[in-house]
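Worksheet for the structure shown next.
The values are calculated or read from the model by the stated rules, or taken from the named source; none is laboratory data. Small disclaimer: the values here were computed from a predicted structure and weren't measured. Glycine also receives a Cβ, built like all others from the backbone with ideal geometry; neighbour counts cover every protein chain displayed. Side chains included, ligands, DNA and RNA excluded: accessible areas come from the protein's heavy atoms. Shrake-Rupley method; radii C 1.70, N 1.55, O 1.52, S 1.80 Å.
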Amino acid sequence: MASIDTAWLPPAERFDFWQELVARESVPARISSEHADDFTASARAVDLGAVRLGAWRYPSLELARTPRMIRSSDPELYQLALPLSGHGVMSQERRAGSLDPSGFALIDTVRPHGSTHRPDGSRRAPVHTVTALVPHAALPLPARRVAALLAGFLRQVVEHPEQYDGSDAPQLDRIALDLIAGTLARRLDVEGELPVEVRVTGLRSQVEAFVRRHLDDPELTPAAVATAHHLSLRSLHRLFAGTGTTVAALIRTGRLERCFRDLADPRLGHLAVHQIAARWGLRDRAHFSRVFRAAYGISPREHRERAIRR
């Protein structure tokens, strides 16, 4: 992992440094900005192996990758960009699409492209984008047909890399490739061209994301998850065989983690312990206290009191 900030440079040198950084960590491009005289920006790169993730913060800019740049240097990559703030336009091959937090933009570095990206509101507010660079050869899909989206896994890794050890990189790299390939394949209706293990990883990730989104629903059960994904309960259990967990465990652990966090939040001190549990689908007070103590070694009330004393 590498983190870089232009703030340590004199203002007159920041923009040139940023252009060199983009060329090194992404691909060479012509960049312009109305803030070029004092370009305050930062970047973080997380190299997983085949996949290289980036988190970028910068003021408004315009970018163009020209045919001459491509002829002189082309690593043959797909770049998926997930804007987390701001608005703009990305274009390639006479096609243009919005660049905003509503979805991914995908570009092929083999072809000329351009983009503009500006902040919402304050003229000096930075915009934030997460990117993933993926070699053409790494995706098990026909290169000529790739053209659309992906999200949460990439944000989690690039924004919180400290949660992972260096030894996790090969596995994260494989997961990233499988998720990207699966997402693109669904958009292109070519899932049948993916290897079985890629389809399984993608489906399992969909289930995990569904569980995280619905932890506050007291009706969330393995059966409900299976129904939502058009699976039999047996097929759902088989999907997680050998992973060391089950859907029931994902639900229980996810809910307890949310309760653990909220009980320590002073802004939620006006809520009783059982009310916080109920917010996350745990309405049986005795059951909640029992499973909380089993998971953390103390009662919910004791955890809250300790958090207040810190």
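Candidates in region 50-65 are the residues that are touching a Leu at 6+ places or on another chain (Cβ under 8 Å) and open to solvent by 30 Å² or more (accessible area, probe 1.4 Å); of these, the one that is modelled with the lowest pLDDT is Ala50.
Between Ala241, Ala295, the distinction of being farther than 17 Å from Phe210 by Cβ, open to solvent by 50 Å² or more (accessible area, probe 1.4 Å), hydrophobic (A, V, I, L, M, F, W, C) and not in a helix (DSSP H, G or I) belongs to Ala241 only.
Looking across region 206-228 at every residue that is more than 15 Å from Gly281 (Cα to Cα) and open to solvent by less than 30 Å² (accessible area, probe 1.4 Å), the one that is modelled with the lowest pLDDT is identified as Ala209. Checked against the criterion of being open to solvent by 40 Å² or more (accessible area, probe 1.4 Å), more than 15 Å from Gln206 (Cα to Cα) and in contact (Cβ under 8 Å) with a residue 40 or more places away in the chain, region 250-259 has at least one qualifying residue.
Counting only residues that are at pLDDT 90 or above, assigned to a helix (DSSP H, G or I) and open to solvent by 30 Å² or more (accessible area, probe 1.4 Å), region 262-284 holds 4 of them.
Taking the criterion of being among the aromatic types (Phe, Trp, Tyr) and touching a Pro at 6+ places or on another chain (Cβ under 8 Å), the residues of region 269-295 that qualify are Phe288, Phe292.
Which residues, counting only those in region 20-42, are touching a helix residue (DSSP H, G or I) at 6+ places or on another chain (Cβ under 6 Å) and crowded, with 21+ Cβ neighbours inside 10 Å? Listed by number, the residues that qualify are Phe39, Ala41. For region 287-302, the criterion of being among the aliphatic types (A, V, I, L, M) and without any contact (Cβ under 8 Å) to a residue 24 or more places away in the chain is met by at least one residue. Any idea which residue in region 72-109 is modelled with the highest pLDDT, counting only those that are surrounded by fewer than 16 Cβ atoms within 10 Å (Cβ to Cβ) and of a type in the set (S, T, N, Q)? Checking each candidate, the answer is Ser72.
Cβ-Cβ contacts under 7 Å between residues 6 or more apart (or on different chains), taken from a first residue in region 4-30 that is within 21 Å of Gln79 (Cβ to Cβ) and among the small types (Gly, Ala, Ser) to a second residue that is open to solvent by less than 30 Å² (accessible area, probe 1.4 Å) and part of a helix (DSSP H, G or I), are listed as Ala29/Val22.
Residues in region 1-46 that are under 18 Å from Pro83 (Cα atoms), of a type outside the set (Val, Ile, Thr), within 21 Å of the chain's Cα centre (by Cα) and not in a helix (DSSP H, G or I): Ser26, Ala41, Ser42, Ala43, Arg44, Ala45.
Condition check: within 32 Å of the chain's Cα centre (by Cα), under 22 Å from Pro218 (Cβ atoms) and touching a residue at least 40 places away in the same chain (Cβ under 8 Å). Does Arg279 satisfy that? In short, yes.
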